[in-house]
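Here's the structure we're looking at; comments come further down.
What follows draws every value from the coordinates through simple rules; no lab data is involved. Nothing here was measured: the structure is a model prediction, and the numbers come from that model. Here the Cβ is made from the backbone with ideal geometry for all residues, glycine too, and neighbour counts use every protein chain on show.
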Amino acid sequence: MVKKIVLSRLSNIKTLSKKNFELYSERVPVILESIVNHFEQSMAKREEFESYLEQLFQYTRNFIETGDLLAALKLLTQVHETFESKLNKKTRLLITAAIAYLFAALGMDEEADHFLAESLKSSGAEITPCYVFNMTTQSMIALQRRNFNVAVSTSRRALNYLEKTKSGSPFSMRLPLSGPELRQRLTHIHTIASLELATTEQVGSGKRKTIFENALSSSRNLNAAGKKRHRFFYLCQQALICASMGYPSKSEDALEKAFHMLNANQDFLTAHGYYYYAARAVLHSYHSDFSSAYSDAKLAFRASFNTPDVFMELYVMDVFLDIAQTFSMSFPENRKNVSEFYMKGNSLLKQFVEFLEEKDWYTGKKHSHRVASLSYMIGKKMLTLFPYVQNQLDLQTLYLAAYVHDVGKLKLPWILINKIGKLSDYELSYVFRHVTFSRDILEKLNFRDIARIVFQHHENMDGSGYPGGTRDISIAANIISLADSFEAMTSPHRKYKEQKTLVETRDELSAMEGQFYLPEVIKAFRMIDLDKVDLSPEP
Ligand SMILES: [Fe+2]
Ligand SMILES: [Fe+2]
């Protein structure tokens, strides 16, 4: 019997040491296999099956509590695929709903949508706990797609239903989330979506007021549930809503009360700290105090590491981006000198890259810097060897693009970035999306030239790359692609393969001339003193 799996002793997978994380990652596939095998055996004996099903959901909750949503997802999809025809309708419905929820919590909206449609189709219009669960998934997808109207109304509907059900509801059973957690998640979604909706221009002042009031009342209802953590959460929500409504002193009051609770428990780097700092960051940005907003966003980012909740982990990046965008719009004159403003000291793009380096264990601390230096050296060499590329290559833009090429990885869950072992198809397709995320982040901040280059950093000359498979690649993107591969292959931090020597790697990559890389890029690359990459100055 696979009773006590190692997970029960862990509180949060992200707080493991690198070594323990690797040990854990190796064990998980074995654990999953044995759970599925037992499931199959118990299917033969119907009376055992029901209790085993209960255990299956317990394992799923276990994985979710530790923050390993990928393992939970893998377990449920495997059961779904292998035993689909043998499961009864109710069980199938629950499993499908849970899969949809997990995809949504991981930020994989397309996959979530697919399973949600399947679950909604078979559940009909009946309002069951499963239905409310599906509403949560639906509102998370809507929020990710910035469809705030739907997110507000769906989360509202689900909350109304939850408020009517008393304690001892069937929510505690057989679902990856318990009733109170579901409620907190929904209230969170409802508030964020309401604030976004209320600040869009299409909303009239009357409607805006109603939206705010609804958000306040759902937050208040959560507070009435009486739990301490709900009260804390309520105070942070209240601070945000009041600030948006134009009541700064009420907002500061709420935040101060929250701070006292935080201070009493020394909870700064937990989920509580996360809510508090994220709220404070937003408040600072309302007051145009962007440097305080950035430092609070950074603290919220750090705190998000000590919570196993992937949804929060990904959301904190949206908070940071929104602040950065407001900043970028508020002071357009600052953007004139791109290098000065965005690269020096504690500047915006540097902070993004620092965030990334904290999150990604395996790419290595200096990856961005080394890719930028090498790209710059190759670019400079190309300009002397082939003066005709002059109007296609700007060294400063090349350096910046290379420095931020992987910034979109911030929108991938920690567990996916650091996963050891073979990635499944859906995981791989999600990792590929970092290119699109990088482009979107840079476009949002108005770096259109850089965004265009970065979008092609995994494309190849023969059309075998991603995301577009285009052959029409800019020189800058091709240089970054080469520098990126070179750095990854020679880095001591690599996850899978042996580290290679500089010369071996250079020859291996040069062999891809014409297939992956432009002949001119390879020619310049081969003339570079590779020992000097780290010493190369910034432009
Ligand atoms: Fe990349
Ligand atoms: Fe990279």
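The residues Ser292, Ser485, when put in order of fewest to most other Cβ atoms within 10 Å, stand as Ser292, Ser485. The gain in end-to-end length when the Lys89 to Glu443 segment is fully stretched comes to 122.9 nm, 0.36 nm per residue minus the alpha carbon separation.
With coordinates expressed along the principal axes, the C-alpha atoms belonging to the chain extend over 75, 62, 42 Å, beginning with the largest. Relative contact order for segment 355-539: what percent, with Cα pairs under 8 Å and sequence separation of 6 or more? Worked out over segment 355-539, it gives 28 percent. Multiplying the residue separation of Lys45 and Lys227 by 0.36 nm and removing their Cα-Cα distance gives an extension gain of 61.3 nm. Using the rule -39500 (n - 2.57) for each DSSP H run of four or more residues, divided by the residues of the chain, the 222 nm mean residue ellipticity is -22000 deg cm²/dmol.
Here the Karplus relation 6.51 cos²θ - 1.76 cosθ + 1.60, evaluated at θ = phi - 60°, turns the backbone of segment 153-162 into coupling constants of 6, 5, 5, 4, 4, 5, 5, 4, 5, 5 Hz, with x for every Gly and Pro. About the centre of its Cα atoms, segment 355-539 shows a dipole size close to 300 debye [charges on the beta carbon of Lys, Arg (+1) and Asp, Glu (-1) only; nearest 20 debye]. Normalising the average separation of contacting C-alpha pairs (under 8 angstrom, six or more residues apart) by the number of residues puts the relative contact order of the chain at 10 percent. In the chain, taking the dipole from charged Cβ atoms about the Cα centre, the farthest positive-side position among Phe63, Thr490, Ile323 is held by Phe63. Note on Ser464 and Met329: the extension gain reaches 44.8 nm, defined as 0.36 nm multiplied by sequence separation minus the Cα-Cα distance. Placing +1 on each Lys and Arg Cβ and -1 on each Asp and Glu Cβ, with no other charges, gives the chain a dipole about its Cα centre of roughly 1440 debye. Taking the Cα atoms only, what angle lies between the long axis of helix 290-304 and the longest principal axis of the chain, rounded to 10 degrees? Long axis of 290-304 versus the principal axis of the chain: about 60 degrees. Derived scalar couplings between HN and Hα for segment 382-393 equal 4, 5, 7, 6, 10, x, 5, 7, 3, 7, 10, 9 Hz in order, rounded to whole Hz, by the Karplus curve 6.51 cos²θ - 1.76 cosθ + 1.60 (θ = phi - 60°), x for Gly and Pro. Pairwise inverse Cα distances across segment 355-539, averaged and inverted, put the Kirkwood hydrodynamic radius at 16.6 Å. Take each peptide in 36-45, 366-375, count the other Cβ atoms within 10 Å of every residue, and average; sorted highest first, the result is 366-375, 36-45.
The HN-Hα couplings worked out from phi for segment 428-441 by the Karplus form 6.51 cos²θ - 1.76 cosθ + 1.60 (θ = phi - 60°) are 4, 5, 6, 4, 4, 5, 4, 5, 5, 4, 4, 4, 4, 4 Hz, whole numbers, x standing for Gly and Pro. Pairs of Cα atoms in segment 218-322 fall into 10 Å distance bins, from 0 up to the last occupied one, in shares of 17, 49, 32, 2 percent.
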